[in-house]
1. Report, largest value first, the span of the C-alpha coordinates of the stretch B:8-62 along each principal axis, in whole Å.
2. For the stretch B:23-34, just list the computed ³J(HN,Hα) in residue order, Karplus coefficients 6.51, -1.76 and 1.60, θ = phi - 60°, integers in Hz, with x standing in for Gly and Pro.
3. When a footprinting reagent is the concern and you count Cβ atoms within 10 Å, what order do A:T34, B:T73, A:T107 take, fewest first?
4. Assuming R0 = 45 Å, can you tell me the calculated FRET efficiency for the pair B:D99 and A:D81, based on Cβ-Cβ distance, to the nearest 0.05?
5. Using only the alpha-carbon atoms, how far is helix A:56-74 inclined from the longest principal axis of chain A? Give it as 0 to 90 degrees, nearest 10.
6. Per the Debye formula with a single identical scatterer at each Cα and no solvent contribution, what log10 I(q)/I(0) holds for the protein assembly as shown at q = 0.06, 0.07, 0.11, 0.15 Å⁻¹?
7. From the backbone phi of the stretch A:128-135, what are the Karplus-calculated ³J(HN,Hα) couplings (6.51 cos²θ - 1.76 cosθ + 1.60, θ = phi - 60°) in whole Hz, Gly and Pro given as x?
8. If R0 is 51 Å, what FRET efficiency do you get for A:L48 and A:E182 from their C-beta distance, rounded to 0.05?
There are 2 protein chains.
Amino acid sequence: METQRSNGPPPETHEAIMDATCRALCEHGYANLTMQRISDELDKSKSLLHYHYDSKEELLVSFLEYHLDEFATRLSLDEYDSAADALAFTVDALFPDPDDSNDFEVTMLEMGMQAPYNDAFREQLQENNARLKDLFTRIFEDGIERGEFEDIDPERAAEHVLILLDGVRGRSVVLGSDEPNEVGRDAIREFIQAITVGDEAQ
Amino acid sequence: METQRSNGPPPETHEAIMDATCRALCEHGYANLTMQRISDELDKSKSLLHYHYDSKEELLVSFLEYHLDEFATRLSLDEYDSAADALAFTVDALFPDPDDSNDFEVTMLEMGMQAPYNDAFREQLQENNARLKDLFTRIFEDGIERGEFEDIDPERAAEHVLILLDGVRGRSVVLGSDEPNEVGRDAIREFIQAITVGDEAQ
């Protein structure tokens, strides 16, 4: 049982639990999430959750990790002919869809706001951010190597894009408006234009 | 008493209540804030708070409004010789100070995350945002008129700067790192440079 716990549940069970957590989060919000509500979505006994996770916090850290892995799997950079294409695809994948309900965005931001009070959340969110930042950094490095982009600092460029993405996400949720999304997309496009070789900055 | 309520408490009492709310928020965090804890900071009976505010929510909406007014008073744009100076000053005033404790930033973001669930918070936060955006828009308009800035869309430029500011704020709090602050300051500087007449964009 010790091994079972430290390795987590078997893959199918894990996926079912993560999907149930996602549904329960979107339905009830972070503040009202309980193990019971996750069980209800899972249609299995609450004891199954407690067998695999010591606490709601442990389950949610696992959920943050799962969300990252799922996202990383969707992004395979080998398929792109240019760094600009890889960048456009990655930004698109991360941009909130203004037509979707933003329930999921809201709960992810709520978990983010727990970081100052919860070391396990903070560490997992730092890990998620490090992976995303590394992805953008590699795209910028690749673009510089291919001669697509000017000789900029790839890590700072990655941070710049992530600040814009997080700014859009936060403002969309708090203000309930589409404008940050529109302006943010243009801002990222202009930033990329400005560092593209042969393209004139706006 | 009806008039008293709708006009709020007299100025000195109001200021004392707002200061107490600020201290209680920073000390206990949004989730653990109670009227009792605000009273403790105020060193007055809890009935004083209940006399002036029907609920904790009403008090917090008033706090958000007070915070905006206090900030707006600090910014008097007439004092500046150029739009660039006014912009630099305003950005500086809004940028989180990395040397300060970020307790206050955290609680403001936590209240922001209540917006999807709380119409009164959302409306006040929309109002705060509209005032800030209007301030930036007027600076950009002024800069265009004076011939300092290119003929850009001043409202979109204002939104661009606010996305960067909110992105920095969110990332600093969630990740507990100074890097967003550094990169975000440069990003705003580069954005202003890019729209400044006669300055070459990076």
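No lab work stands behind these numbers, since they all come straight from the coordinates. Fair warning: this is a prediction, and the values are worked out from it, not measured in the lab. Here the Cβ positions follow ideal geometry from the backbone for every residue, glycine too, while neighbour counts run over all protein chains shown.
1. 27, 19, 17
2. With the stated coefficients, the stretch B:23-34 comes to 5, 5, 4, 5, 7, 9, x, 4, 5, 9, 6, 10 Hz.
3. Ascending Cβ contact count within 10 Å gives the list B:T73, A:T34, A:T107.
4. 0.50
5. Once rounded, one gets 40 degrees.
6. -0.28, -0.38, -0.91, -1.43
7. These are the phi-based 3J(HN,Hα) values: 4, 5, 4, 5, 4, 5, 5, 4 Hz.
8. The pair A:L48/A:E182 has a calculated efficiency of 0.70.
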